[in-house]
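Q: Got a structure for you, written out below as structure tokens; questions coming shortly.
Here, each number is a calculation from the coordinates, and none is a lab measurement. The model shown is predicted, which means the values in this text are computed figures rather than measured ones. Ideal geometry is used to build each Cβ from the backbone, glycine not excepted, and the neighbour counts take in all protein chains shown.
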Amino acid sequence: MATRRTFLKLAGAAGLAAPSLASAQGAGRVVVVGGGFGGAIAARTLKQLDPKLSVTLVEPNPIYTACPFSNSVLANLREISQQQFRYDGIKGAGVTVAETSATAVDAAARTVTLADGTKLSWDRLVLSPGIDFDWGAIPGYDEAAAQKMPHAWKAGAQTVLLRQQLQDMKDGGLVVMSSPPNPFRCPPGPYERASLIAYWLSIWKPKSKLLLLDSKDTFSKQRLFQNGWDQLYPGMIEWVPLSKGGKVTSVDPATLTLVTEFGSHKADVANVIPPQKAGVIAAKAGVADRTGWCPVEPVAFESTLQRGIHVLGDAAIMGAMPKSAFAANAQAKVCAAAIVELLAGRAPQQPLLINTCYSLLAADYGISIAGVYRPDKGLLAEVPGAGGVSALSAVGGLRGQEALYASSWFRTVTAETFG
């Protein structure tokens with residue numbers, strides 16, 4: 001396990017690995033598409049590192065609804081309003097915010113076309129579009145079906161809908177969840193969600209059960225989650241792996257039925273998390289490959305398919321580094337530093353990045369996994385022995401302490417990004 005002291009030392013080392021930019025004098029035009037944890041912090045960091053830069057953030061939503069901690073909304077531990085943030089702080093930092101969508105990218109002409117027809121020219125383009133869903137991957141599941149079988153994998157209205165369905169369910173009802181194959185946004189997310197739904201059920205609807213159908217045979221922090229389920233929710237959560245019929249092959253929204261190769265499961269509440277791909281603008285920009293994700297080089301996160309375009313966060317293929325808000329934040333800072341160097345005609349230094357994923361199993365029960373990553377053979381590779389996971393056998397108040405660390409991280413990252 002990486003202790004807190006060890007983690008802080010590693011964080012310091014990661015900071016020292018960033019290039020010194022005190023003398024950077026480069027100026028130019030950078031457009032950032034997507035105002036989440038990657039794009040927003042990239043825009044802010046660019047202006048901080050070189051105030052002469054013209055930085056425009058393209059984001060159609062005036063209010064950002066954060067996915068981290070949105071599972072807590074389902075358990076009535078938070079309100080959806082506590083997940084929502086405005087862009088006033090980013091505007092105050094000198095970033096121009098275009099409150100509209102990017103509809104096209106011309107890599108040759110180096111322009112971005114906006115929904116109102118405006119064209120923005122750029123010297124460097126940063127795409128941080130998050131994820132979209134592969135609606136055709138599960139027969140029967142489309143945008144209309146999501147109104148009856150919500151995914152809630154983009155926080156907001158879907159989160160509120162799923163919470164309402166849970167509250168309306170009778171005690172003794174069955175909640176059926178499906179988890180997609182890798183890769184997808186937030187690898188521990190479905191298992192945290194199962195935990196927090198079970199937490200709420202154990203208080204308010206203790207006769208109910210949760211069935212988790214999984215397209216994988218293993219998952220992030222598996223032993224920690226399963227030990228926690230046995231301890232906190234004995235007999236309430238049933239996990240069905242791929243090898244035992246966990247992969248959902250079709251759904252019927254009319255009857256709330258999920259079908260697998262081994263049988264069918266009729267739910268009282270169905271939470272279907274479909275397979276994912278990079279946000280739609282990535283394909284339009286020509287930076288997504290046949291997998292639907294965006295390959296990048298591991299120093300400046302520049303697309304390997306289109307020069308001058310950088311891709312951050314969930315949309316990118318980052319080797320061993322998972323898709324998380326913590327990762328997007330770290331990548332954004334490295335990318336911004338690299339862009340300032342590139343615009344000044346200098347080569348960016350090799351980065352060292354950290355990711356930590358916290359998960360809650362109950363209001364006062366947290367676990368985590370941490371990793372350190374560096375470029376290796378064209379991808380980000382994990383530094384052996386530099387990361388770790390929470391201790392399997394917790395003593396004292398360790399789980400409660402990790403829950404507090406998780407809350408502290410969320411307050412810090414949202415204040416840094418939007419404050």
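Q: Across bins of 10 angstrom width beginning at 0, how are the C-alpha pair distances of region 94-184 distributed, in whole percent?
A: 12, 31, 25, 21, 8, 2
Q: Lysines near residue 91 by alpha-carbon distance under 21 Å, same-chain residues fewer than 8 away left out - which ones?
A: Those lysines meeting the cut-off are 47, 52, 119, 333.
Q: Work out, step by step, the length gained on full extension between residue 349 and residue 88: first 0.36 nm times the residue separation, then minus their alpha carbon distance; give nm to one decimal.
A: Gain in length upon complete extension: 90.8 nm.
Q: Report, ordered by chain and residue number, the lysines lying within cross-link reach of residue 277, taken as a straight Cα distance under 17 Å and ignoring same-chain residues fewer than 8 apart.
A: Counting by Cα, and skipping residues close in sequence, residue 277 has these lysines nearby: 154, 323.
Q: Considering only 267, 165, 184, whose Cα is most displaced toward the positive end of the charge dipole of region 145-272, charges sitting on Cβ of Lys, Arg (+1) and Asp, Glu (-1)?
A: Final value for the positive-end residue is 184.
Q: Given the convex hull over the Cα atoms of region 145-272, what projected area results after averaging over all orientations, in nm²?
A: Quarter of the Cα hull surface area: 7.2 nm².
Q: Could you pull out every residue, at least 5 positions away or on a different chain, whose amide H is within less than 5 Å of the one on residue 126? Hs are placed 1.01 Å off N in the peptide plane, and Pro or chain starts have none.
A: Residues meeting the amide H criterion: 31, 32, 33, 310.
Q: A further question on this structure: Of 310, 151, how do they rank once you tally other Cβ atoms within 10 Å and put the fewest first?
A: So the ranking, lowest neighbour count to highest, is 151, 310.
Q: Follow-up. Using a 7 Å offset from the Cα along the Cα-to-Cβ direction at both residue 118 and residue 99, what is the distance between the two label points in nm, to one decimal?
A: Placing both labels 7 Å beyond Cα along the Cβ direction yields 1.2 nm.
Q: To continue, here is another question. Scan the chain and note any complete DSSP helix (H) whose C-alpha atoms cover at least 18 Å along its axis and whose Kyte-Doolittle average is 0.0 or more. Could you put the intermediate results ahead of the total?
A: On the way: long enough: 4-17 (20 Å, 0.50); 189-204 (22 Å, 0.26); 325-343 (27 Å, 1.36); 398-418 (30 Å, -0.14).
Helix filter hits for the chain: 4-17, 189-204, 325-343.
Q: Same structure again: Using amide H atoms built 1.01 Å from N in the peptide plane, name the residues 5+ places from residue 239, or on other chains, whose amide H lies under 5 Å from its own.
A: Under 5 Å from the amide H of residue 239: 212.
Q: Just want to confirm a number: the relative contact order over the chain, from Cα pairs under 8 angstrom separated by 6+ residues, in percent.
A: Dividing the mean separation by the residue count of the chain yields 20 percent.
Q: Treating only the Cβ of Lys, Arg, Asp and Glu as charged (+1, +1, -1, -1), what charge dipole size does the chain show about its Cα centre? Round to the nearest 20 debye. Don't jump to the answer; show the numbers that get you there.
A: On the way: 39 positive and 32 negative charges, 131 e Å.
The calculated dipole for the chain is roughly 620 debye.
Q: Sticking with this one: Can you work out ³J(HN,Hα) from phi for every residue in region 256-271, in order, using Karplus 6.51 cos²θ - 1.76 cosθ + 1.60 and θ = phi - 60°, giving whole Hz and x for Gly and Pro?
A: 6, 10, 10, 10, 10, 5, 9, x, 10, 9, 8, 9, 8, 9, 10, 10
Q: Continuing with the same structure: For 307, 193, which order do you get if you count the other beta carbons within 10 Å of each Cβ and list the fewest first?
A: Final ranking by Cβ density, sparse to dense: 307, 193.
Q: I need the phi-derived Karplus couplings for region 240-246: 6.51 cos²θ - 1.76 cosθ + 1.60, θ = phi - 60°, integer Hz, Gly and Pro marked x.
A: 10, x, 3, 5, 10, x, x
Q: Next question, about the same structure. The list [x] 473; [y] 136; [z] 149 gives values of volume of the Cα convex hull per residue in Å³, and only one came from this structure; which label was calculated from it?
A: Here volume of the Cα convex hull per residue in Å³ agrees with entry [y].
Q: Roughly how big is region 145-272's charge dipole about its Cα centre, with Cβ charges of +1 (Lys, Arg) and -1 (Asp, Glu), in debye to the nearest 20?
A: Dipole size: approximately 200 debye.
Q: I need the per residue convex hull volume for region 290-391, using only the alpha carbons, in cubic angstrom as a whole number.
A: 111 Å³
Q: Arrange the following residues from fewest to most other Cβ atoms within 10 Å of their Cβ: 294, 186.
A: 186, 294
Q: Taking a label point 7 Å from the Cα of residue 261 along the Cα→Cβ vector, which residues of region 289-325 have an amide N closer than 15 Å to it?
A: Hits in region 289-325 for residue 261 at 15 Å: none.
Q: Report the one residue of 136, 80, 112 whose Cα lies farthest in the direction of the positive end of the charge dipole of region 72-144 (charges on C-beta: Lys and Arg +1, Asp and Glu -1; origin at the Cα centre).
A: Farthest towards the positive pole: 112.
Q: Which listed residue (276, 393, 208) has the Cα farthest towards the positive end of the charge dipole for the chain, taking +1 on Lys and Arg C-beta and -1 on Asp and Glu C-beta about the Cα centre?
A: Comparing the listed Cα positions along the dipole, 393 ranks first.
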